[in-house]
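Asker: Following this message is one structure expressed as structure tokens.
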Amino acid sequence: MRPSDRLKGVEHCVQGLMWKAPRELELLQSELEALTATEWSRVIFISWFVYLAVLRDKLEGGIMPFPVQSFQDVIGLSSFMIHAIRHPLDFQSSVGPTLSEITSGLLGSSFEPGRDIPDLSGKVIFVTGGNTGLGRETVLQLAQHNPSRIYLGARNATKAQNAISSIQDTLPSPVDIRHIPLDLASFKSIRAAVEKFQSECDRLDILVLNAGIMGCPSSLTEDGFEIHFGTNHVGHFLLTKLLLSTLQQTVSSSEDVRVVTLSSLANQSSPSYDIMTSTQALMGTGWVTCYGASKAANVLFAAELARRYPKILSVSVHPGAVASDLYEQSKSSDLFSRVGIKVMANFFRSVRTGALNQIWAATVSKERLINGGYYVPIGVKGILSSIKIMSYRKYLPDLGIPRFQEMRTQDAHEYADAFKNGHNPPWLHALYMHWRELLQEPFKGVTTDGNVRPNLFELQDEQISIDSIVTTAEHLLSLLTSEQKDTLGYHIDSPEWRTWSNPEFLLSDKGLRLDEVSPSIRTAILAILQSTLSPEGYDKALKAMRTNHFLGELVESPRVMNEFSYNFVLFGRPSTTRPWGWSFYGHHLCLNIFLYRNQIIASPWFTGAEPNEIDAGPYKGTRILHVEEELGLKLMQSLPAESQATAQIYKEMHDPAMPPGRWNRDDQRHVCGAYRDNRIVPYEGVPVSSFTEEQKRTVYAILEQYLLYLPGRARQLKLEQIKRFESETHFCWIGGYAEEDPFYFRIQNPVVLVEFDHHSGVFLNNEAPKKFHIHTLLRTPNAGDYGYAIRPMIPAVEGLAGKEITW
């Protein structure tokens, strides 16, 4: 049988790779062109370091094979380096952390094997390469939790027995750990190992495909495969296939059977599928390409195993760059190597830390894993968030249902008319009618008790660039017809200020819709946003718009949801001396801006995303609202137990103890969403004045994220105002506060109210809240929204007839 024939099990997953042979050079060129000067300097530094290290080794008669032997190797190695440099989160995962970082509590993960591995009573475990490195550490940690038996697969019997003895010495009582002779470069050895295992045991609960080789001289396995690909992938492929009957037999009586396959970030250096499946082609490349091919094949294998046998939980993992024996042996006596390896070793993970990911994947609650998923290391701040984001694809809806079949044929107006006339869904239509009732109330503002607190706000110079903002607004007006100007503009005191809304339905059709105007007008509108907001605030708005476009693509309804499916409205006339403002609203982004001279009020606003990261297309890697999320969780986790109990007003996201009206299907836990301009919101939770100084700094870091739309000086002044009310500031929480728990929090005082909420699915079909759907908002209580609190302070202007001129 030809080597390529043995890979039929992964062919269904090849579309999951982005490596296509005809486009490899084109993709690499586009990546290189996108590099910044700083990123280029990193590429050059790393390239020369690797080259000089290998060259030095060759000159001194070393055995390290040269990693680059073909043009394919150049492409693969370059792709790997560019990915690491352009995606620092993945690179951080690869080269950190150290054990000292974990023990000092600097990292975001709370996974600790001794504490978090559940009881493994009755379970049979098989670990390949269990006599050294990550495999030995895996056996050691699992053995401490009462497994029925552990099989340790290894070539060298002496090393295996020594490993078993050393592990047994650390255990409070002996565990049944057995060595099985196993050489993954030999089909004969693999078949003998399986025969021995099945003669002794009729169940297998956890199979950890850990063993592997790297940096070996060019050679073949005894069955004719390239040595890296044959050992790391094909050998494990055959082992799993032969054990499949035992795995299936076990899953018939157990709901939790797992296969954990070791991969690597080096899968980024994999060649095209045609090269991966051709021994002859692989033999013409360097070991970096061969190693990368084996690790990419392992990712595909894990996904295909999950697809074919969904009752077996199959995942692949990346351990990070681990300080293994390989790096120790690379040291030599010359100064260059000693210094170079010592510097690089500072970034390597220890063996104990490197094994955490596969141990976690083998033992964590199965509900926290996606079958077929690929996991980068736990224990690095932000990594669990990345894993969580990718999990949204598990909840992609069935686009064949009537809702989506109808939606994809409609534009925004047809879609809104169908909703208003058809009253479907009924609950949302009832909420919409309630919103219209709320609009009839005179504006008062959000309060704690129904009474507006006076003298909280003042006119002040916030040094905004009002001249530039007015200039861009006047340019827009110069492009419009008389009819468009009439559609765009409203009186400064118009109640239409309050008719913004977040759902995708066009509930209030006013102003100009960006996807219905010419490109020049659209550009002019965006220029107003850019000149008004801070650079980082404008960037945040663009990310929200692009994420909305991505959702529209996911549900194949781009005419309803796209990057420009937003309405822009002017209130008053643009002026450097008189009050005016604008509103920009649509799905998951609503901004209300009031301007007077050099002062700006950006309130209320709403920003959301479902999902909150783009994982495909031209804006792949765009992520939004994760900073607020991480800071909020950090704050809650840092509080002492007593303060946590006070802050946590409800333990469940939809808690039975919630009074009527505290939760609704649209706003869910939010209390100050669209049309809730006069909501009474008593303080809840724990006073911020009781926090430590470090915790207070986290509170203000959260609030600074919520003030990001404001230009620099205005943001600084607003933050100073908020701090003056520290003694009245409260923090409350709903939900759990473990790493993957969805949650809600609110920070509130007399001059600011911000909310953060993880939502259940609206377009995705998760019924429970998930961390990939986020809603955030800001209100300015006590009549601060829409600039109402400062409007009476603005001097009136009289015309020739002695009457006040309304703007």
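The values are calculated or read from the model by the stated rules, or taken from the named source; none is laboratory data. Quantities reported herein were computed from a predicted structural model and do not represent experimental measurements. Using ideal geometry, Cβ is built from the backbone for each residue, glycine included, and neighbour counts are taken over all protein chains shown.
Asker: Being in a helix (DSSP H, G or I) and at positive phi is the filter here; which residues of the stretch 122-150 pass it?
Answerer: GLY133
Asker: Can you report the number of residues in the stretch 684-700 which are more than 29 Å from the chain's Cα centre (by Cα) and hydroxyl-bearing (Ser, Thr, Tyr)?
Answerer: Here the count works out to 3.
Asker: Looking only at the stretch 151-171, decide whether some residue is touching a Pro at 6+ places or on another chain (Cβ under 9 Å), part of a helix (DSSP H, G or I) and under 16 Å from VAL351 (Cβ atoms).
Answerer: no
Asker: Report yes if some residue within the stretch 409-428 is surrounded by 15 or more Cβ atoms within 10 Å (Cβ to Cβ), in the same structural domain as TYR786 (by TED's automatic domain parsing) and in contact with a Cys (Cβ under 6 Å, 6 or more places away or on another chain); otherwise report no.
Answerer: No: zero hits.
Asker: Exactly one of these conditions fails for PHE594: (1) crowded, with 22+ Cβ neighbours inside 10 Å; (2) out of contact with any His (no Cβ under 9 Å at 6 or more places or on another chain); (3) closer than 21 Å to ASP539 by Cβ. Give me its number.
Answerer: Here PHE594 meets the rest and fails (3).
Asker: In the stretch 545-578, which residues are touching a Gly at 6+ places or on another chain (Cβ under 9 Å), closer than 30 Å to PRO795 by Cβ and surrounded by fewer than 20 Cβ atoms within 10 Å (Cβ to Cβ)?
Answerer: The answer is ARG573, ARG578.
Asker: Could you give every pair whose Cβ atoms fall below 7 Å, whose first residue belongs to the stretch 217-235 and is part of a helix (DSSP H, G or I), and whose second residue is among the acidic types (Asp, Glu) and modelled with pLDDT of 90 or more, counting only separations of at least 6 or pairs across chains?
Answerer: GLY230/ASP223
Asker: Across the stretch 132-152, what is the number of residues that are buried (at least 24 other Cβ atoms within 10 Å of the Cβ) and touching a helix residue (DSSP H, G or I) at 6+ places or on another chain (Cβ under 8 Å)?
Answerer: Number satisfying all stated conditions: 9.
Asker: Residues that are at pLDDT below 90 and closer than 28 Å to ALA296 by Cα: which helices (runs of 4 or more DSSP H) entirely in the stretch 342-419 hold 1 or more of them?
Answerer: 351-354, 356-363, 383-390
Asker: Right, GLU628: surrounded by fewer than 16 Cβ atoms within 10 Å (Cβ to Cβ) and modelled with pLDDT of 95 or more or not?
Answerer: no
Asker: Kindly evaluate GLU458 against the criterion of being in contact with a strand residue (DSSP E or B) (Cβ under 9 Å, 6 or more places away or on another chain) and in contact (Cβ under 8 Å) with a residue 24 or more places away in the chain.
Answerer: So GLU458 does not fit the description; no.
To keep it simple, each residue is scored yes or no on (1) outside any helix (DSSP H, G or I); (2) aromatic (Phe, Trp, Tyr).
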{"position": "GLN637", "(1), (2)": "no, no"}
{"position": "GLN644", "(1), (2)": "no, no"}
{"position": "ARG662", "(1), (2)": "yes, no"}
{"position": "TYR675", "(1), (2)": "yes, yes"}
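Asker: As an exercise: evaluate ALA801 against (1) modelled with pLDDT of 95 or more; (2) not assigned by TED's automatic domain parsing to the domain that holds TRP580; (3) not basic (Lys, Arg) and give the number of the one condition it does not meet.
Answerer: Failed condition: (1).
Asker: Next question. Considering only the stretch 295-317, state which residues are outside any helix (DSSP H, G or I) and either of a type in the set (A, V, I, L, M) or surrounded by fewer than 21 Cβ atoms within 10 Å (Cβ to Cβ) (or both).
Answerer: The answer is TYR309, PRO310, LYS311, ILE312, LEU313, VAL315, VAL317.
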